[in-house]
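J.: My questions will all concern the structure given below.
Every number in this text was worked out from the coordinates using simple rules, so none of it is lab data. This one's a predicted model, so the numbers in the text were calculated from it and none came from an experiment. Counting neighbours? That spans all protein chains shown, and the Cβs are built from the backbone with ideal geometry, glycine included.
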């Protein structure tokens, strides 16, 4: 929650080196060892290491219970919507492929960015777009914060009233209240989201009215 508040107050997002991300194949590529020497591999690694990135998702991911599950603590977290110029040269839409990309001897900067903008298909449900640029890790201003989507983990439950008085839920709602206050002072819209029904069609949507059992 402290990081959410920092983003709302500063408009800055944390940017990392590629090896700090959670995909074990991040930045991996294929090459022909007969032409791509260990020296060339080291040089290519150095070019990758000079770049930092910040991962985002397109709007389609907001309806994915998987994304809310492992990136927002099982709907006990938030998603932040930002606006970025679609023609911005630092913005890359991830290409999801059957195999990792190939690099040949002599490939330059474009190949480095291609490798860092490619992921295997098991990750395609993330609809990732990433901010990729040369620099140092740290907090950077990226786009304009428009909305904060706030998870409501028990909105679909018949016994939600009983769950909402539990200490863990109460503490979460206290933090959420603080986020709403900070967002309001900065003219950022807050939206509640929860599961849509009780029958396994777990599509996250905006909560307009409270759901009844």
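J.: Pairs of Cα atoms under 8 Å, at least six residues apart: use those to get the relative contact order of the stretch 2-206, whole percent.
T.: Numbers: 313 pairs, mean separation 62.2, N = 205.
Contact order relative to length: 30 percent.
J.: Next question, about the same structure. Going by how many other beta carbons lie within 10 Å of each one, how would you line up 126, 20, fewest first?
T.: Starting with the residue having the fewest Cβ neighbours, the order is 20, 126.
J.: Mean residue ellipticity at 222 nm from the helices of the chain, using -39,500 (n - 2.57) per DSSP H segment of n ≥ 4 over the full residue count, to the nearest 500 deg cm²/dmol? All intermediate terms of the calculation are to be shown ahead of the outcome.
T.: Values: 6 runs with 59 residues, N = 213.
So the helix-based figure for the chain works out to -8000 deg cm²/dmol.
J.: Report, in degrees rounded to the nearest 10, the 0 to 90 angle that the Cα long axis of helix 38-49 makes with the longest principal axis of the chain.
T.: Value to nearest ten degrees: 30.
J.: Listing 107, 85 from the residue with the fewest other Cβ atoms within 10 Å to the one with the most, what is the order?
T.: Details: 107 18, 85 10.
Listed from fewest to most nearby Cβ atoms, that is 85, 107.
J.: Would you kindly state how much longer the chain becomes between residue 165 and residue 28 on full extension, computed as 0.36 nm times their sequence separation minus their alpha carbon distance, in nm to one decimal?
T.: 44.6 nm
J.: Rounded, prolate or oblate: which one fits the stretch 79-143, using the alpha carbon gyration tensor with axes a ≥ b ≥ c (rounded when a/c is under 1.5, else prolate when a/b beats b/c, else oblate)?
T.: oblate
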